[in-house]
Amino acid sequence: MIEGWIGRDFRPYVAIKFLKSDGSWRSVDVLVDSGFNGYVGLPSAEVRCLDLQESEIDLTFEYGDGRDSKPATYEGVMEFDGRESPVLIADVAQGTAKIGTELMAGYSIRVDLQPNGKVELTPIDG
């Protein structure tokens, strides 16, 4: 299970660790975004800090208003629910760091929408 919190902006967050190019780990607070259909989106500053290798994979995201975005993508390694795994990271420029539905597939999301509320991502299988 992954535990998180409700932020001051009244949105759900969890902390995720990403592997930097020097072999150390960096923890990033990410929004649990059920409206984002990707895996991980990180602001450009975080991408630079992690010193990630650019990927040749092209992604297109569609915003709720119908606009399309083709962000730069990067190959990274993250720790998710206690396991290290490769991950495709989209550069969301100045946006909020987030995890999306592709990454959370197979998880149940519980969010207590109240000040200091809890956020829990639990594997559906157990």
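A few notes on this one:
- Taking every DSSP bridge with both residues inside segment 13-106, close to 80 percent are antiparallel.
- Rough spin-label spacing in nm, given labels placed 7 Å along Cα→Cβ, for S85 and E3: 2.2
- The stretch between S24 and Q114, if pulled fully straight at 0.36 nm per residue, gains 29.0 nm over its current Cα-Cα span.
- Start at zero, step by 10 Å, and the Cα-Cα distances of segment 13-106 spread as 16, 56, 25, 3 percent across the bins.
- Proximal lysines relative to K20, as straight alpha-carbon distance under 22 Å, when same-chain residues fewer than 8 apart are discounted: K98
- Computed over segment 1-60, the percent of Cα pairs more than 18 Å apart is 45.
- Here's the list of aspartates and glutamates a cross-link from K118 could span, going by alpha-carbon distance under 19 Å and ignoring same-chain residues fewer than 8 apart: E3, D9, D29, D33, D81.
- Between T101 and L59, the modelled label-to-label distance comes to 1.5 nm, taking each label 7 Å out from Cα in the direction of the beta carbon.
- For the chain, modelled as a GNM whose springs connect Cα atoms under 10 angstrom apart, the maximal fluctuation among T101, T60, T73 occurs at T60.
Every number in this text was worked out from the coordinates using simple rules, so none of it is lab data. Values in this document were obtained by computation on a predicted structure and should not be read as measured data. Methodologically, a virtual Cβ is constructed for each residue, glycine included, from the backbone with ideal geometry; neighbour enumeration extends over all protein chains shown.
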